Ligand code: DLL
């Protein structure tokens, strides 16, 4: 089912006409209200009138996370604070948070996009949504909440944490759609099992999981353990929050970008050259309907790929591939680029492995050593030491063969890797300490 048939299935030509008009309005808006943009444009000798076609977007300057930090907290807003009705912030791992603002109309836009998202993921008005994304400065909780209400579904605003209570509520209320991070979905399943509750007793049909990288293998595991269809959702605070793109339940193959609100590009992160459809690189987004906090060519650091082929669900908007990771999460281990999600794909193809793992990088002299700690299930853990060692060697070999990097694999006992109620911590980089 499609929430906004007219826009979501719009022929390309009509969509592009709308995009150009909206892009021109946005560029004029930022140029006339935000000193940062006016200076950047002036330095490049650009004026808003220079945007006469969609291809002209490539002439515009990029916006980097550091630019947002330099203008902390509200320097990039285009409206006076009395027009701002909501503020969110993303914590990030280092430094200042990134602060974003919304006008009343921005909240309406966002709610519509989240209603589209929920419906693409299989929800309708008749569904009950168990929303275990964190409520607060993080955009996940409230983003889903407003979308669910816009759709007309019933939403349980449970937020993250207190996992036993989550399971009891699921048992008593019978929600049909689960929304949380993929790592938290697995923790809920684990706690349910400890409580002797079987997910097959529940009414869930679908889950919409995102806010962190995860693999196809992890999808398989979640679908099995939680007995539902798992969709990937992508978004970031700087662009709007969740609701930038989502997979449809019909195909579960790539995430439809809501291109009537965001223009995506893929670039080579080193040369900044724009890459054609089908070539992986860094995602760059320009928002074209945001009022309080529009961004021009925002460098997401997320690595993905764009596919223009039509989807069998009927949506015409371009799809992006599963995000493999952030270029700044990418580990360079002895010259080889490694994303945690690639390691995840390799280890999770092995029987007896639990989807909980952590990578640790240490520096010894001038050498980087990568250790992959992987949880095994009780059955494997009770095997003889020799068996476990064999399994470690096998995993090391697979990682070496598939990723070209040598890593030390350490199998650890069930439930020893720290669980997460939000975004999982996959990498411990001791090189910086
Ligand atoms: O994580 C927004 C969100 C909430 C998305 C709920 C989906 C669901 P931030 O906290 O600003 O916003 O973090 C954004 O998280 O740049 C990616 O690196 C990562 N990320 C988000 N979704 C995915 C995903 C929210 N599906 C950052 N796959 C982004 C991989 C993702 N990474």
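The values are calculated or read from the model by the stated rules, or taken from the named source; none is laboratory data. Worth saying up front: this structure is predicted, and the values here are computed from it rather than measured. All Cβ positions, even for glycine, are placed from backbone atoms using ideal geometry, and neighbour counts span all protein chains on display.
In the condition set (1) in contact with a helix residue (DSSP H, G or I) (Cβ under 6 Å, 6 or more places away or on another chain); (2) within 15 Å of residue 288 (Cα to Cα); (3) surrounded by 16 or more Cβ atoms within 10 Å (Cβ to Cβ), residue 28 is compliant with all but (3).
In the set 325, 335, only one residue is near the ligand (Cβ under 10 Å from one of its atoms) and at positive phi; that residue is 325.
Summed over segment 70-120, residues that are in contact with a strand residue (DSSP E or B) (Cβ under 8 Å, 6 or more places away or on another chain) and on the phi > 0 side of the Ramachandran plot total 1.
With respect to residue 385, determine if the residue is more than 16 Å from the ligand (Cβ to nearest atom), surrounded by 16 or more Cβ atoms within 10 Å (Cβ to Cβ) and modelled with pLDDT under 95. No; evaluated as a whole, the condition is false for this residue. When 354, 362 are screened for being over 26 Å from residue 232 (Cβ atoms) and either touching a strand residue (DSSP E or B) at 6+ places or on another chain (Cβ under 6 Å) or assigned by TED's automatic domain parsing to the domain that holds residue 212 (or both), only 362 passes.
So which of 270, 250 is surrounded by fewer than 20 Cβ atoms within 10 Å (Cβ to Cβ) and at pLDDT below 95? After applying the criteria, what remains is 270. Applying the criterion of being in a loop (DSSP other than H, G, I, E, B) and farther than 19 Å from residue 145 by Cβ to the residues of segment 233-255, the residue that is nearest to the ligand (Cβ to nearest atom) is 238.
Per this entry, residue 295 is counted among residues that are buried (at least 21 other Cβ atoms within 10 Å of the Cβ), in contact (Cβ under 8 Å) with a residue 60 or more places away in the chain, within 14 Å of the ligand (Cβ to nearest atom) and farther than 30 Å from residue 200 by Cβ.
Go through the residues of segment 79-90 one by one and say whether even a single one is under 26 Å from residue 8 (Cα atoms), over 26 Å from the mean Cα position of the chain (by Cα) and free of Cβ contacts under 8 Å to residues at least 40 places away in the same chain.
Within segment 79-90 (the criterion being under 26 Å from residue 8 (Cα atoms), over 26 Å from the mean Cα position of the chain (by Cα) and free of Cβ contacts under 8 Å to residues at least 40 places away in the same chain), the answer is no, since none of the residues qualifies.
Go through the residues of segment 410-417 one by one and say whether even a single one is at pLDDT 90 or above, buried (at least 21 other Cβ atoms within 10 Å of the Cβ) and under 23 Å from the mean Cα position of the chain (by Cα). No - not one qualifying residue is present in segment 410-417.
How many residues, within segment 334-351, are assigned to a loop (DSSP other than H, G, I, E, B) and within 30 Å of residue 365 (Cα to Cα)?
Adding up the residues that qualify gives 3.
Screening residue 187 with (1) farther than 19 Å from residue 218 by Cβ; (2) more than 13 Å from the ligand (Cβ to nearest atom) gives one miss only, at (1).
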